[in-house]
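Here the structure comes first, spelled out in structure tokens, and everything after it is commentary.
The values are calculated or read from the model by the stated rules, or taken from the named source; none is laboratory data. Owing to the predicted nature of the structure, the values given are computational and were not obtained by experimental measurement. Cβ coordinates were reconstructed from backbone atoms using ideal geometry, including for glycine residues, and neighbour counts include every protein chain displayed. Areas reflect the complete protein model, heavy atoms only, side chains present, ligands, DNA and RNA absent. Shrake-Rupley method; radii C 1.70, N 1.55, O 1.52, S 1.80 Å.
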Amino acid sequence: MIGQTLSHYRILERLGEGGMGVVYRAVDTRLDREVAIKVLAPESMRDPERKRRFIQEAKTASALNHPNIITIYDIGTAEAGGQPVDFIAMEYVRGRTLFELIGPRGLPLLEVLKYAIQVADALGAAHAVGIVHRDLKPANLMVTEQGLVKVLDFGVAKLTEPAEPDPNAPTQTVERVPGTSEGTVVGTVAYMSPEQAEGKRVDARSDLFSFGSVFYEMLTGQRAFQGDSRLSILAAILRDEPGPGELAVGVPTEVDQILARCLRKDPARRFQSAADLRVVLQELWDQKLVERIAPTTATHRWRRPAVKRVVTWRRVAAVAGLAVAVLAWWRLSDRLPWTSHVPAQKQIAILPFQNVGGEAANQAFCDGLVEMLTSKLTQLEQFHGSLSVVASSEVRRERVTSAQQARQAFGVNLVITGSVQRLAGQVRLTANLVDARSLRQLGARTVDARLEELAALQDGVIRQIARLLELELQPQARQVLAAGNTTRGSAYDLYLRARGTLQRYDRAGNLDQAIELFGQALQQDPNYALAYAGLGEAYLRQYSRTPEPKYLEQARSAGRRAIQLDDRLAQAHVNIAATYAAAGQRDAAIQELRRALEIDPVHAPAWRELANVYQAAGRSQEAEATYRRVLQLRPSDWLSHTMLALFYLKQSRYAEAEPAFRRAVELTPDNAVAHRNLGGLYYLMGRYDEAVQALERSVAIQPLASAYSNLGVIYYALGRYGQSVAMSEKALGLADQNNRNDYLLLGNLADAYRWTPGVADKAPPTYRRAIQAAERRLGVNPNDPKILSTVAVYWAKLAENQKGLAAIEKARRLAPSDGAVGFKAMVVYELAGQRARALAALGGVLASGYSVEEIRREPELAQLRRDPGYEQIMKGR
């Protein structure tokens, strides 16, 4: 197949072959990136039910977004050599498998631990969404040149049926019956769990047994279970059980214990989750295990029990360790995870913390702690000019869960990861500082607190994080951090759970639950200012979901109470300003934002909101100066460049918007939103091929509803209405519950229906849904020219001309020089039969600098473009 094209993938070279098929290196000709293509063996896909299951499971696996898991990009069927071929396109990684790296004497213990932590992290991410690998082995673990582990074949190995197994092959992958019912044997024999070997149902704990077998092999260079045939290996797996403390020579007993626990025959006696396993491994790493390990660990051999020389060799290893401990430390210190190399300029993202134990009741508390830490670190920016913190909302929106993703999405150089465990009346929080470029851990801290003293946790955690970051907390900074806090542990517990619940406001019922939890916190402590501020934010979210004036009033009232209790809360002033801005009360909003900036002069959200309000008020010069101020504060922040670019876009200053959008992409090359924005700009500039390319890149990174909707708009402009319908329907299907009544998504879909034969009758009801959604927002702010002009077009397309004309006249009075409003006025006048007014509006639109390409391609203006007056105006521009 070398040199052939499979779908839009050009095959470059053959990489390898296995029971599942052949793997090739290829180029994705659409996105211009290297991929690995796995062409599945025909016998794997002949059964329709197997194929259906394969597609279903591959889709599930493709949702895994983790730095230690190979990403599945695409699955499909294409013709090759005149025959249909099933294939999987996935991330191409340069490196070697552990099978290739493990020598006859194993690997150094430090390397083993480094790789093991990453594999456990990957398993935890997969198990969290219900995916069990079932074929974990050294050949499925790729290691890059930078030491990053990539787990291969998640959701793939267990689904394909290989060729007839060789009963004497000790590592043959076997699968007798499709599916996951009892009686099925799936996996590579040497690494199977006992329950797997017996064909029983397996769960995540089966992967942990396989992990133990790989762990053993990394340490010793030998397989954990050996035999002359497949059956003898299966017998060893079912019969032999190494005991703790009896396996290792010269290796700390903690490692013995971890290994023995992984390899228990009874799943109930193993680690119960990969998350728990990872915590134990990480704690070993954090405890500077190297100080107790001789540098000869590269040659340590694991042995079977009952060898009397074990004790002797342990003593020899200990003496050797003492003899060269100083030399070992000197050689290794520059690459050990606890060696501090914290950069002077700190661009930080705090990632979601791991909920140890996985209890649902603890998840909201865990999420709330992350929210609190992000907020507190952001408050420190005013005291440390070298510090910049990514908003937690950005981390959630981009679904970032790893250091590598954070660097790609936000351009950060540091991330904070961690875990939270609640057990027996106590809370343990572990925080890790990680170099986002090298993925090396720079330090870790653990904080314990009893539940009744939980309020002390907030101060203890931020102090420990500050030490990790080498930040000195001056008295003024401590006062700011203490603003709005409570001394009651029960109130703080409820507050964190409320913050964590509010974080996922898109989930049904979460907003109501968050409001209730904030209320309970206030019952525990009626003077808890932060709880009032959180309550105000929750009501703002309610308004975003259901734009009713009462929610703005409740949000404003809660914010006011927070400020009465403690006027040092800048974010409370920003929230109040948002309520005024939503209601069109711009002067009041500006006043609140200026007060927020008096409290915190580098509060980026306040500066951004101030610029937005200036822009909405038509104060363009002040808006531009303010956007530039944000950029001065955060020159390496993609969002700051994006906000300035969007300002230029609204001003029809496309040439100035392009470098700002491109800079956002350069800073965060794997940021779906950045590529979406660039695609929208290229559309307005008439650079349709580039627009499609940017938007396809966006949806390849993350399937955003807005990006698919923009693709629909481009296909609409190109007259490819069927494709426009497909993209617009996809956008609406991807929208979360809050956005399924987004007036723009609905309106774009209605436009596509209107011009597509066979579905045009769907356009009127869809326009009416869009109008209803828009009018809910106009009920709060009846003077929004963007919404008014959009609704005017929808009315005109429904032939309700009087309503359309009334709306567009009001919009033009509010924004007489806005090019987008003028363009929509042209459409309304043309559809209402007022050609002269449409032509008159054209002159103003051209003067504003608005997109000429959109004027030339809008199908509603086809007749106008044939008017001699149109040509005359266009020539005179």
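Take Lys150, Lys137 and sort them by solvent-accessible surface of the protein heavy atoms, 1.4 Å probe, largest at the top.
Details: Lys150 10, Lys137 35 Å².
Output order, biggest surface exposure first: Lys137, Lys150.
How much accessible area per residue does region 780-877 have, in Å², with a 1.4 Å probe? Spell out each step's value before the answer.
Working: 4270 Å² over 98 residues.
Heavy-atom SASA per residue in region 780-877 reads 44 Å².
Normalise the Cα radius of gyration of region 724-823 by 2.2 N^0.38 Å (N = residues in it) and let me know the number. Write out the running numbers ahead of the final one.
Numbers: Rg = 13.6 Å, N = 100, 2.2 N^0.38 = 12.7 Å.
Output field value: 1.07.
So how much slack lies between Arg768 and Ser438, counting 0.36 nm per residue of separation and subtracting their Cα-Cα distance, in nm?
Details: separation 330, 0.36 × 330 = 118.80 nm, distance 5.30 nm.
Once the chain is fully extended between Arg768 and Ser438, it gains 113.5 nm.
Let me check something: with ligands and nucleic acids excluded, how do Tyr505, Tyr721 order by accessible area (1.4 Å probe), largest to smallest? Could the numbers behind the result be given before it?
Working: Tyr505 65, Tyr721 45 Å².
Heavy-atom accessible area, descending, gives Tyr505, Tyr721.
What distance in nm separates the two pseudo spin-label positions at Gln834 and Ser620, each 7 Å out from Cα along the beta-carbon direction?
Spacing of the two 7 Å Cα→Cβ label points: 2.4 nm.
So between Ser386 and Glu100, what do we pick up on full extension, going 0.36 nm a residue minus the alpha carbon distance? All intermediate terms of the calculation are to be shown ahead of the outcome.
On the way: separation 286, 0.36 × 286 = 102.96 nm, distance 4.31 nm.
Contour length minus Cα-Cα distance gives 98.6 nm.
Mind giving me the nanometre distance, one decimal, between the label points for Glu17 and Ile873, set 7 Å out from Cα along Cα→Cβ?
Going by the 7 Å Cα→Cβ label model, 6.8 nm.
Which order do Arg14, Arg776 take when ranked by solvent-accessible area (1.4 Å probe, heavy atoms of all protein chains), largest first?
Values: Arg14 120, Arg776 100 Å².
Correct descending sequence by accessible area is Arg14, Arg776.
Please compute the per residue accessible area over region 651-758 with all protein chains in place, 1.4 Å probe, rounded to a whole number of Å². Could the numbers behind the result be given before it?
Working: 4120 Å² over 108 residues.
With the other protein chains kept in place, region 651-758 gives 38 Å² per residue.
Say R0 is 60 Å: what FRET efficiency, to the nearest 0.05, do Leu423 and Arg25 get from their beta-carbon distance?
On the way: r = 48 Å, r/R0 = 0.80.
Calculated transfer efficiency: 0.80.
Just the number please: accessible area per residue for region 496-553, 1.4 Å probe, all protein chains included, in Å². Walk me through the numbers on the way to the answer.
Values: 2400 Å² over 58 residues.
Ligands and nucleic acids excluded, the figure is 41 Å² per residue.
Rounded to the nearest 0.05, what FRET efficiency is calculated for Asp567 and Arg478 with R0 set to 22 Å and r the Cβ-Cβ distance? Please report the intermediate quantities before stating the final value.
Values: r = 17 Å, r/R0 = 0.79.
Approximately 0.80, to the nearest 0.05.
Multiplying the sequence separation of Gln4 and Ser817 by 0.36 nm and subtracting their Cα-Cα distance, what value in nm do you get? Before the final figure, lay out the partial values.
Details: separation 813, 0.36 × 813 = 292.68 nm, distance 5.44 nm.
My answer for the length gained is 287.2 nm.
Determine, from the Cβ-Cβ distance of Arg33 and Arg720 and an R0 of 35 Å, the FRET efficiency 1/(1 + (r/R0)^6), rounded to the nearest 0.05. Don't skip to the answer; put the middle values down first.
Details: r = 25 Å, r/R0 = 0.72.
For R0 = 35 Å, the calculated efficiency reads 0.90.
Excluding Arg30 itself, calculate the net charge of residues whose Cβ lies under 14 Å from the Cβ of Arg30, where each Lys or Arg counts +1 and each Asp or Glu counts -1. Could you put the intermediate results ahead of the total?
Working: positive: Arg10, Arg33, Arg697; negative: Asp28, Asp32, Glu34, Asp74, Asp689, Glu690, Glu696.
Cβ neighbours under 14 Å give a net charge of -4.
If you add up the charges near Ala862, with Lys and Arg at +1 and Asp and Glu at -1, over every other residue whose beta carbon is less than 11 angstrom from its beta carbon, what do you get?
With Lys, Arg at +1 and Asp, Glu at -1, the neighbours total 0.
Where the centroid of each part is defined by its Cα atoms, how far is region 450-517 from region 842-877 in Å?
56
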